[in-house]
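Q: Take a look at this one; I'll ask things after.
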Amino acid sequence: MNFKGIIDSTLREGLQFSRASFNLQEHVEIFGYLTSIGVDYIEVSNPVKEEVAEMVRRLVSLKGKSRTKILSHIRNNRKDIEKSLECQVDGLNILCTADPERIAALNLTSQEYLKNLEDNILLAKKHKVETRVSAEDLFHQPFELILEIYELADSLNVERIGLPDTLGTALPWEVYEKISEIRSRFKTDLEVHFHNDLGHSISNAISALRAGANWVDTSLLGIGERTGITPLSSLLVNLYKINPALTSRYNLKVLTAAENYVARICQMEVPMNLMTNLDNGFAHKAGIHLDALINFGPQKYEPIPPAVIGARRNLIIKSLVSGKTTEEDVMTFMEKYGQD
Ligand code: HCA
Ligand code: CU
């Protein structure tokens, strides 16, 4: 596995979530959580819109000494690049299309579209900003044209090539095969982006890493267009379980507070399938589970201690399914283990 880091898109993909509309203050708070977790890149929306540019300039001014870099997510479009440069972002995440209908709708031939891309990458390079080029809907659009986009980007030495499963329909083994094939063709770093429509956004990210991808796009809670993308907490917990050294530069303890904050401002619950959900992430209810926990220790029914991600246990007694565990048992257990 050659995992190099995380590109968090809560402030771009996340803003496309139906319930999200972060104001300036909320942008700043989310930015604070992400930099304290220590994600490598933060992707922001396209500053070609002046209201977005204002937020981006503010985040750039707050960046200070944090090692997190800011990337603007833009189209294959000169104006978007010029506006991003004005905002002094560290890099550009250029999203391209290989869809013949979309290119025709721009009144361009695919050769003209590629020529524009070449000019745009060269403009970015001239200003010494990092550049990533991705092709929307990798799993459905014509692969020959996608490869032409990647080959051009690769020949101009972009920092990363982006591989998005835009519709969220790829299965983990298809991801493994496709990423392996693209890995064998290019030396450039590969960035992957998985939507969750069929529920595979986490497994697909892990499969892609196993196949040689280097960078993963995430968002807090996984929020994004439709069912969203790979949740930051889930990706980090997976990497921690694979090998704690993979996550040693991140502060996982902030994950629970960060995801609960985003849930609050989106006026929603943390989804029950995330470990950062304080009600159920580390809840223990069945008599058999409670007995084992109390007699043998929490590792009997916990994949990681809650303290790792700043979460907490919830031991539920006196329910229809619980056995004879008493309040005293729970207190003794909590005194012994805390959240570790
Ligand atoms: C979208 C675009 C995108 C872009 C991903 C990328 C996708 O549909 O809003 O820049 O690589 O899922 O294709 O998020
Ligand atoms: Cu997306």
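Q: Might you check whether a residue that is more than 14 Å from ligand 1 (Cβ to nearest atom), aliphatic (A, V, I, L, M) and free of Cβ contacts under 8 Å to residues at least 24 places away in the same chain occurs anywhere in region 44-66?
A: Within region 44-66, one or more residues are more than 14 Å from ligand 1 (Cβ to nearest atom), aliphatic (A, V, I, L, M) and free of Cβ contacts under 8 Å to residues at least 24 places away in the same chain.
Q: Return the residues of region 1-56 that are within 17 Å of the chain's Cα centre (by Cα) and basic (Lys, Arg); say none if nothing qualifies.
A: Within region 1-56, LYS4, ARG12 qualify.
Q: Going by the conditions given, is GLU225 buried (at least 24 other Cβ atoms within 10 Å of the Cβ), under 19 Å from ARG19 (Cβ atoms), of a type in the set (D, E, K, R) and touching a strand residue (DSSP E or B) at 6+ places or on another chain (Cβ under 8 Å)?
A: Against the criterion (buried (at least 24 other Cβ atoms within 10 Å of the Cβ), under 19 Å from ARG19 (Cβ atoms), of a type in the set (D, E, K, R) and touching a strand residue (DSSP E or B) at 6+ places or on another chain (Cβ under 8 Å)), GLU225 does not qualify.
Q: Could you please let me know if LEU246 is closer than 26 Å to LEU163 by Cα, in contact (Cβ under 8 Å) with a residue 24 or more places away in the chain and touching a Ser or Thr at 6+ places or on another chain (Cβ under 8 Å)?
A: Here the answer is no, as LEU246 does not meet what is asked.
Q: Another question about this same structure. Restricting to region 169-187, and then to whatever is within 16 Å of ligand 2 (Cβ to nearest atom) and not hydroxyl-bearing (Ser, Thr, Tyr), can you tell me which residue is surrounded by the fewest Cβ atoms within 10 Å (Cβ to Cβ)?
A: VAL175
Q: For residues that are in contact (Cβ under 8 Å) with a residue 60 or more places away in the chain and within 16 Å of ligand 1 (Cβ to nearest atom), scanning just region 222-234, find the one that is farthest from ASN196 (Cα to Cα).
A: Result: LEU232.
Q: Show me the strands (runs of 3 or more DSSP E) found entirely inside region 67-167 where at least 1 residues are at pLDDT 95 or above and surrounded by fewer than 18 Cβ atoms within 10 Å (Cβ to Cβ).
A: Hits in region 67-167: 69-75, 130-135.
Q: Next question, about the same structure. Kindly indicate which of LEU190, LEU246, LEU239 is part of a helix (DSSP H, G or I), surrounded by 22 or more Cβ atoms within 10 Å (Cβ to Cβ) and modelled with pLDDT of 95 or more.
A: LEU239
Q: Can you work out which of the residues in region 193-219 that are assigned to a loop (DSSP other than H, G, I, E, B) and more than 12 Å from ligand 2 (Cβ to nearest atom) is surrounded by the fewest Cβ atoms within 10 Å (Cβ to Cβ)?
A: This residue is GLY199.
The values are calculated or read from the model by the stated rules, or taken from the named source; none is laboratory data. Model, not experiment: these values are computed from the prediction. Note that each Cβ is placed from the backbone with ideal geometry, even for glycine, and that neighbours are counted across all protein chains shown.
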